[in-house]
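Everything below concerns the one structure shown next.
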Amino acid sequence: MTTTTAKSKVLPPPTERYSLLGWLHKNLFSTWYNALLTLFAAWLTYAMLKPTLTWIFGEARWDVISANLKLFMIGRYPIEQEWRVWAALFLLTWVIGLSWGSWVKKFELSGLVLLLIPVFMALLPFSMDDRLKILGLSVFSLIGYVIAKSQPATFSKVSIFAWLLYFPVGLLIIRGLTGDEGFFPVVDTQLWGGLMLTVLLSVLGIMFSFPIGVSLALGRQSKLPIISWISIGFIETIRGVPLITILFMMDLMLPLFLPSEIRIESIIRALVGITFFSAAYMAENVRGGLQSIPRGQHEASHALGLSGFQTMAFIIMPQALRAVIPILVSQFIGLLKDTTLVMILSLFDILGIGKAVLGNPDYIGTSREVYLFIAAVFWILSYGMSYASQRLETALGLGER
Amino acid sequence: MSENNNNDPIIVCQDVHKWYGQFHALRGIDMEVRKGEVIVIFGPSGSGKSTFIRTINRLEEHQSGQIVVDSIELTHDVRNIEAIRKETGMVFQQFNLFPHLTVLQNITLAPLQVHKWKKEKAEEIAMQLLERVGIPEQAEKFPGQLSGGQQQRVAIARALAMQLKIMLFDEPTSALDPEMIKEVLDVMTELAESGMTMLVVTHEMGFARSVADRMFFFDEGQIVESGSPEDIYNNPQEDRTKLFLSQILQH
Amino acid sequence: MEKTHTTQQATIPFWRDERVLRVLGQIIFLIAVIVFGYYIYNNMITALAKQGMTPSFAFLNQTAGFDIGERLIEYERADFNKRAVLVAVLNTVQVSIVGIILSTILGVFLGIARLSTNFLVAKLSSIYLEILRNIPLLVLLIFWYTGIFITLPRVKEAISLGTSIFISNRGMVIPWGIPTETWRAYLIVLGVGIVLSAIVNWQLNLVGKRTGRPPLVTLWTIITFLAVAIIGWIALPQSPLTLDLPTLQGLNFKGGYTFSPEYLALLSGLVIYTAAFVGEIVRAGILSVSKGQIEASRALGLNAFQTLRLIVFPQAMRVIVPPLTSQYLNLTKNSSLAVAIGYPDLFAIAGTMHNQTGRSVEVIALMMGIYLSTSLITSVFMNFYNKKIKLVER
């Protein structure tokens, strides 16, 4: 490493030269109290990690998870109809592949990683049948990707319609069509459960709350006092109380609010509560976006003769929504976590299923395993989504103007 | 109703007043602008000159007095407000281009949405206008990728695309670096020569002197003095005008 | 374009007059809201009438008829429902205040650790933040309660920390003070201490204003209070509190003060969860003070401590306080998840009361009203504070 060409003008900076010892010194042992801190932190890590790891790999009874995996994923959804959930998933991965192929211009490593996740999952000890289905996820997204790549221009429009169509179609596949009999029998919503219910509630919640939230944000910003007061009243009431009280209220009072002929399933009641809750927070996020748009944009648009509605639709909203996309992603993650509260209303979301499984005498004393598994599922989903959205932000240059 | 000949006033303002809360921002403005005239409005900041030209296309509401633009009176009638906005264009100090649209989309948006033109026609006219302001090669870029001078020229093209009769300029060069002011003023001069009616709030005295037909000096919400550029420069009548001119011409 | 409107100053048809349109739009909207509200209200009254009920809060003055395991004030099942509500509110307030204090301490610690130059410390803190921020609080609370707190050893094999703190599946017992005869006198001493420290605080602020060199106001205020408290304790003929040590008697501990496992699980769950968010806020706040500010301050000759106290801290606080308050409100609202682990907070008691009385509408209205007023009062204070500290800009 030693160079004797002392006359050369460009020298490597002395401290930046990389060596393990140098790095250790700089980052861990630079001063005596830093060294002390390092030792303490190392001891803490060891003290926490050792019992945890011995438990995870030794004492823990993970059979409670593997034996009940279907329950955790889809609840009491009839097993002979399980293929429909898979069908909905395949359709989803196909649409994802389609939009990836038509929107993402150049090859992205993250795409490959996404594609490989099911492949690795298939290596886990599932049944052969399930492994094939998991691999199917990759296959379908690849098919979508290849189709889209053949004609990106046409398929970028197709994929938007595909997304719009996906949600009603997917719901229909899961709910069923043909009464109690036949190929597509209706599956009562009381049987929906597990992770499927958690995801459905949060996805539908955020979708329905979007138009309501945007209207509330516009209402709050309105120059017309009555409209703005009513919007503020709604938003602040919802934001001022815990979600569980809203869910509780909807569960008990929604049947009272509507004519007595109408009966509403408990999942719908929960969904209404989640939607209202999410709409109030959505309104505040969108309002933040609206306020970030300079007044000059309104004025320029009016000066060009655009009406108030046109100004909102073509000038203000596109900019405001673009500005709040990252916040909306984190709101969705928050909502995903918050849907666990429906368990208190005795719905069988993944947490509710966990509680039910623990009620089985065979699995007494496995609550750590069950809840740790559930926590891990949520962690992977929400960390994965926030990581992906950060990557997407930088890739699309969002947040910069 | 009648054909405007060149001596008819296209803008008539009579005793226009405006208050912001207790603050009396416009204190009885009277002004007549004939078709094809170029009017330069100048004055110290806070004198109401920007507020005044913004009342003409109803970005600000006047509380008393009368404003008639091209025989349409500006009242609370939403149809009149729309009609006047279709006939007037405005160029702002801060450009106010729409950052999420390309240059071409910025220009074609209003023709497509307000005039309901066909896309081909709107784009063709937009390209002609970009030629006219000298930046046809920037059509597909976003505003954020342009220099200030280029952005302001796009803003002028965007206003012109509405095929209007009156252009309002609210300090169009104040936010520009010195080397970019000229390129914008050149476009404005060319526009004036083509016969456009223009109301320009500006402190660019060279521009005013060579292009303006009449100049108005505003102070404290009133027109202190008006006249041809020669009168104003060489023979100002009011002390306030003299003082202000001496201050800005020192530079 | 038709141009015939020159003379129609007074004759604008109302559907084109922007003033009329504004008012009309609002009236129509208001009517729609009222009609919808009335429809809902009517359905509700009809449905209640079928069950033979009319909305009324008279049940608050009826006997509650249920027990509450944990309470800060006297309560028996024969007491009125309104007493039960008060017990519930106090429980929620108590767990929230303690939770806020502890999560602030832990959060500040985590936020600073996250920015540490020590690689291991920063990494540990960041792992903590990333894990806790991405799992649902409810899962954490239930895991914490059923997976940890109630799997602790039984009372007989209780873990002892030091000599007189015991942790078992019945909770944690700690030594507790029992008031003696001089306790009331001592309370007066403490009152005097508060007054004195307020005076010191006020005077030091005046000194700061006069000299332009603010002394360490908060520090001296605290020292004053502590000094009075300690002197009072020693000076009184008998010490105001005697220590009550817990001892194992039979199947349970006697003496001391017992925190139930439900309370401990709720409190610690709320604290470790909220601290992760507080930590992130503190980190962002510190990072928000631009490096130029620190450089400018050092260039003026202020030392590191002065820079921190006079330049960094006041600026970081402006960024930290608003989101911090909303985290505090979140913690208070999240304490309603206590129902899942059986701690009697406001929501849990409201649920019980609903089961007992069948008064769903009233109970929900009461409960939401209490949560809502807490939030509103907090935001009023916050707006006041924000206005006060807002940087003056053009």
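The values are calculated or read from the model by the stated rules, or taken from the named source; none is laboratory data. Since we're looking at a predicted model, the values are computed, not measured. Using ideal geometry, Cβ is built from the backbone for each residue, glycine included, and neighbour counts are taken over all protein chains shown. Surface areas here come from the heavy atoms of the whole protein model, side chains and all, with no ligands, DNA or RNA. Shrake-Rupley method; radii C 1.70, N 1.55, O 1.52, S 1.80 Å.
For segment A:216-258, a residue qualifies if it is surrounded by fewer than 16 Cβ atoms within 10 Å (Cβ to Cβ), out of contact with any helix residue (DSSP H, G or I) (no Cβ under 6 Å at 6 or more places or on another chain) and of a type outside the set (Lys, Arg), and the qualifying residues are A:Pro225, A:Trp229, A:Gly233.
Here A:Leu197 meets the list (1) crowded, with 17+ Cβ neighbours inside 10 Å; (2) within 20 Å of A:Met385 (Cβ to Cβ); (3) out of contact with any Gly (no Cβ under 8 Å at 6 or more places or on another chain); (4) modelled with pLDDT of 90 or more almost entirely, failing just condition (3). Scanning for something in contact (Cβ under 8 Å) with a residue 40 or more places away in the chain and assigned to a loop (DSSP other than H, G, I, E, B), does segment A:198-221 turn up at least one residue? Checking segment A:198-221: not a single residue is in contact (Cβ under 8 Å) with a residue 40 or more places away in the chain and assigned to a loop (DSSP other than H, G, I, E, B). Of the helices (runs of 4 or more DSSP H) contained entirely in segment A:16-97, those carrying at least 1 residues that are within 22 Å of C:Tyr128 (Cα to Cα) fall at A:20-27, A:32-54.
Failed condition for C:Ala365, given (1) among the aliphatic types (A, V, I, L, M); (2) within 14 Å of chain A (Cβ to nearest Cβ); (3) not in a helix (DSSP H, G or I), with all others met? It fails just one condition, (3). Within segment A:289-314, the set of residues being open to solvent by less than 40 Å² (accessible area, probe 1.4 Å) and closer than 15 Å to A:Leu328 by Cβ comprises A:Gly289, A:Leu290. Residue check: is C:Thr92 more than 30 Å from A:Val370 (Cβ to Cβ), in the same structural domain as C:Ala340 (by TED's automatic domain parsing) and in contact with a helix residue (DSSP H, G or I) (Cβ under 9 Å, 6 or more places away or on another chain)? Considered against the rule, which asks whether it is more than 30 Å from A:Val370 (Cβ to Cβ), in the same structural domain as C:Ala340 (by TED's automatic domain parsing) and in contact with a helix residue (DSSP H, G or I) (Cβ under 9 Å, 6 or more places away or on another chain), C:Thr92 comes out as no.
How do the strands (runs of 3 or more DSSP E) wholly within segment B:5-81 filter down when requiring 2 or more residues that are open to solvent by 50 Å² or more (accessible area, probe 1.4 Å): which remain?
Filter on segment B:5-81 gives B:9-20, B:23-34.
Within the bounds of segment C:312-321, is there any residue that is among the basic types (Lys, Arg) and part of a helix (DSSP H, G or I)? Yes; the residues of segment C:312-321 include at least one that is among the basic types (Lys, Arg) and part of a helix (DSSP H, G or I).
When B:Glu183 is tested against (1) at pLDDT 90 or above; (2) more than 19 Å from the chain's Cα centre (by Cα); (3) open to solvent by less than 70 Å² (accessible area, probe 1.4 Å), exactly one condition is not met: (2). Among the residues of segment C:57-72, those that are at negative phi and open to solvent by less than 40 Å² (accessible area, probe 1.4 Å) comprise C:Phe59, C:Leu60, C:Ala64, C:Phe66, C:Ile68.
Contact map, segment B:7-34: residues that are modelled with pLDDT of 90 or more paired with residues that are of a type in the set (D, E, K, R) and not in a strand (DSSP E or B), Cβ distance under 7 Å, separation 6+ or inter-chain. Pairs shown: B:Ile10/B:Lys35; B:Ile10/B:Asp70; B:Ile10/B:Lys165; B:Lys18/B:Glu60; B:Arg34/B:Asp8.
Looking across segment B:103-138, the residues that are crowded, with 17+ Cβ neighbours inside 10 Å and more than 19 Å from A:Gly305 (Cα to Cα) come down to B:Leu130, B:Arg132, B:Val133, B:Ile135, B:Gln138. Among the residues of segment A:259-284, the one identified as in a helix (DSSP H, G or I), of a type in the set (S, T, N, Q) and surrounded by fewer than 22 Cβ atoms within 10 Å (Cβ to Cβ) is A:Ser266. Counting the residues of segment C:231-282 that are part of a helix (DSSP H, G or I) and either among the hydroxyl-bearing types (Ser, Thr, Tyr) or not assigned by TED's automatic domain parsing to the domain that holds C:Leu115 (or both) gives 9. Filtering segment A:216-249 to residues that are under 30 Å from A:Gln190 (Cα atoms) and more than 10 Å from chain C (Cβ to nearest Cβ) leaves only A:Leu247.
Only one of the listed residues (C:Ser379, C:Ser326, C:Ser375) is part of a helix (DSSP H, G or I) and buried (at least 19 other Cβ atoms within 10 Å of the Cβ). That residue is C:Ser375.
May I ask you to list the residues in segment B:143-166 that are over 23 Å from B:Trp117 (Cα atoms) and either away from chain A (no Cβ under 14 Å) or surrounded by fewer than 20 Cβ atoms within 10 Å (Cβ to Cβ) (or both)?
Here is the first cut: in segment B:143-166, the residues over 23 Å from B:Trp117 (Cα atoms) are B:143-152.
Those that are over 23 Å from B:Trp117 (Cα atoms) and either away from chain A (no Cβ under 14 Å) or surrounded by fewer than 20 Cβ atoms within 10 Å (Cβ to Cβ) (or both): B:Gly144, B:Gln145, B:Leu146, B:Ser147, B:Gly148, B:Gly149, B:Gln150.
Among residues of segment C:122-145 that are more than 7 Å from chain A (Cβ to nearest Cβ) and more than 14 Å from C:Arg283 (Cα to Cα), those with a Cβ under 9 angstrom from a residue that is surrounded by fewer than 18 Cβ atoms within 10 Å (Cβ to Cβ) and of a type in the set (Phe, Trp, Tyr), sequence gap 6+ or separate chain, pair up as C:Arg133/A:Tyr383. Looking only at segment A:37-64, filter to residues that are more than 28 Å from A:Val357 (Cβ to Cβ) and either in contact with a helix residue (DSSP H, G or I) (Cβ under 8 Å, 6 or more places away or on another chain) or within 10 Å of another protein chain (Cβ to nearest Cβ) (or both); which one of those is surrounded by the most Cβ atoms within 10 Å (Cβ to Cβ)? Filtering first and then ranking leaves A:Ala41.
Kindly establish whether C:Val312 is free of Cβ contacts under 8 Å to residues at least 40 places away in the same chain and either within 14 Å of another protein chain (Cβ to nearest Cβ) or among the β-branched types (Val, Ile, Thr) (or both). Considered against the rule, which asks whether it is free of Cβ contacts under 8 Å to residues at least 40 places away in the same chain and either within 14 Å of another protein chain (Cβ to nearest Cβ) or among the β-branched types (Val, Ile, Thr) (or both), C:Val312 comes out as yes.
Per this entry, B:Ser226 is not counted among residues that are more than 22 Å from B:Ala25 (Cα to Cα) and among the hydroxyl-bearing types (Ser, Thr, Tyr).
What residue, of C:Leu86, C:Leu129, is in a helix (DSSP H, G or I), assigned by TED's automatic domain parsing to the domain that holds C:Tyr328, open to solvent by 30 Å² or more (accessible area, probe 1.4 Å) and not aromatic (Phe, Trp, Tyr)?
None of the others qualify; the one that does is C:Leu86.
Taken over segment A:122-138, the criterion of being open to solvent by less than 80 Å² (accessible area, probe 1.4 Å) and in a helix (DSSP H, G or I) is satisfied by A:Asp130, A:Arg131, A:Lys133, A:Ile134, A:Leu135, A:Gly136, A:Leu137, A:Ser138. Restricted to helices (runs of 4 or more DSSP H) entirely inside segment B:160-239, those with at least 2 residues that are β-branched (Val, Ile, Thr) are B:178-193.
For segment B:114-124, state whether one or more residues are more than 29 Å from B:Glu204 (Cβ to Cβ), in contact (Cβ under 8 Å) with a residue 12 or more places away in the chain and part of a helix (DSSP H, G or I).
Scanning segment B:114-124 turns up at least one residue that is more than 29 Å from B:Glu204 (Cβ to Cβ), in contact (Cβ under 8 Å) with a residue 12 or more places away in the chain and part of a helix (DSSP H, G or I).
Taking the criterion of being assigned to a helix (DSSP H, G or I) and surrounded by 14 or more Cβ atoms within 10 Å (Cβ to Cβ), would at least one residue in segment A:179-189 satisfy it? There is at least one residue in segment A:179-189 that is assigned to a helix (DSSP H, G or I) and surrounded by 14 or more Cβ atoms within 10 Å (Cβ to Cβ). Among the residues making up segment A:224-241, those that are among the β-branched types (Val, Ile, Thr) and part of a helix (DSSP H, G or I) are A:Ile226, A:Ile227, A:Ile230, A:Ile232, A:Ile235, A:Thr237, A:Ile238.
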